[in-house]
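Participant: I have a structure here, written as structure tokens, and I will follow up with some questions on it.
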């Protein structure tokens with residue numbers, strides 16, 4: 001099992017976009033799978049934000065996470081955002097999610113990032129274990145969410 005930049009394995013864009021579209025597509029119902037794939041192609045960076053990391057196991061992608069410049073259009077002044085944290089259901093509860101989030105945060109530090117934001121519908125306690133603090137609870141696209149921040 002290894003954590004790699006999406007830029008080093010762009011052949012996984014289609015599967016990652018599919019996961020993202022299936023998991024969170026309801027937040028932007030007019031956004032097509034093809035548009036999500038285009039968004040993922042913008043994460044093919046090694047030396048700057050935005051970027052995505054992928055966990056590969058046995059030649060298959062099993063998890064992803066990204067550091068995006070923007071993830072909530074209602075907070076244009078907050079950046080960057082931990083986003084698209086996803087682990088294939090068969091691989092959950094094995095520490096893979098924590099591993100990829102920590103890898104993204106380490107890369108953020110290498111880019112001299114001072115704060116990382118995220119929003120979650122139901123994983124507030126999980127992110128709090130990694131040091132994120134609640135910034136605000138709000139409604140976003142008809143969904144109750146918690147906006148969190150990690151201050152390095």
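Quick note: the coordinates plus some simple rules give every number you see, no bench work behind them. All figures in this text were calculated on a predicted structure; none of them were measured in a lab. Cβ sites come from the backbone with ideal geometry, for glycine too, and all protein chains shown count toward neighbours.
Participant: Those residues that are in contact with a helix residue (DSSP H, G or I) (Cβ under 8 Å, 6 or more places away or on another chain) and within 16 Å of residue 120 (Cα to Cα), I need them from region 47-80; list them, please.
Facilitator: Residues satisfying the conditions are 64, 65, 66, 67, 80.
Participant: Next question. Among (1) free of Cβ contacts under 8 Å to residues at least 24 places away in the same chain; (2) more than 21 Å from residue 23 (Cα to Cα), which single condition is residue 42 missing?
Facilitator: The one condition residue 42 does not meet is (2).
Participant: Determine whether region 41-54 contains at least one residue that is assigned to a helix (DSSP H, G or I) and farther than 17 Å from residue 5 by Cβ. Steps first, answer last, please.
Facilitator: Narrowing region 41-54 to residues assigned to a helix (DSSP H, G or I): 41.
So of that shortlist, the ones also farther than 17 Å from residue 5 by Cβ come out as none.
Looking through region 41-54, none of the residues is assigned to a helix (DSSP H, G or I) and farther than 17 Å from residue 5 by Cβ.
Participant: Considering each residue of region 1-13, count those that are exposed (fewer than 14 other Cβ atoms within 10 Å of the Cβ) and closer than 15 Å to residue 84 by Cβ, and give that number.
Facilitator: 0
Participant: Within region 61-68, is there a residue that is assigned to a loop (DSSP other than H, G, I, E, B) and either touching a residue at least 60 places away in the same chain (Cβ under 8 Å) or under 24 Å from residue 12 (Cβ atoms) (or both)? It would help to see each step written out before you state the result.
Facilitator: So in region 61-68, the residues assigned to a loop (DSSP other than H, G, I, E, B) come out as none.
No, that holds for no residue.
Participant: So, residue 78, is that one more than 18 Å from residue 1 (Cα to Cα), part of a strand (DSSP E or B) and either in contact (Cβ under 8 Å) with a residue 12 or more places away in the chain or under 16 Å from the mean Cα position of the chain (by Cα) (or both) or not? Reasoning before the result, please.
Facilitator: Working: more than 18 Å from residue 1 (Cα to Cα): yes; part of a strand (DSSP E or B): no; either in contact (Cβ under 8 Å) with a residue 12 or more places away in the chain or under 16 Å from the mean Cα position of the chain (by Cα) (or both): yes.
When the stated conditions are applied, residue 78 does not pass them.
Participant: Here is a further query. Go through region 81-132 and give me each residue that's farther than 11 Å from residue 150 by Cα, without any contact (Cβ under 8 Å) to a residue 60 or more places away in the chain and part of a strand (DSSP E or B).
Facilitator: Scanning region 81-132 gives 83, 85, 87, 119, 120.
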